[in-house]
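I have placed the structure first, in the form of structure tokens, so that the comments after it can refer back to it.
Values quoted throughout were computed directly from the atomic coordinates according to the rules given, and no laboratory measurement underlies them. The model shown is predicted, which means the values in this text are computed figures rather than measured ones. Quick reminder, even Gly has a Cβ in these numbers, built from the backbone with ideal geometry, and neighbours come from all protein chains shown.
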Amino acid sequence: MIIVKIDFGDYQLNVYLEGDYQKEQKRLGDAFEEAMYKKAIAQTKKDGWALPPLKRFFEVTE
């Protein structure tokens with residue numbers, strides 16, 4: 001499981017993604033965090049969430 005923590009300043013959203021952290025990190029290399037962030041944003045839209053147009057910071061964890 002891959003967890004992407006998206007921080008909007010006043011609140012934080014955790015997005016849980018399918019997949020193996022180690023395998024995906026090895027496969028994507030330096031592009032891993034950015035790819036997981038984009039995948040997390042796509043997942044939130046698919047789930048019906050509307051994200052505010054605020055500055056975002058993110059962290060990808062296992």
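A compact table of results
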read-out	value
Contact order relative to length of the chain, as percent, for alpha carbon pairs under 8 angstrom and 6 or more apart	50 percent
Average projection area in nm² (convex hull over Cα atoms of the range 23-62, one quarter of hull surface)	3.4 nm²
Projected label distance in nm at TRP49 and LEU17, using a 7 Å step from Cα toward the beta-carbon	1.3 nm
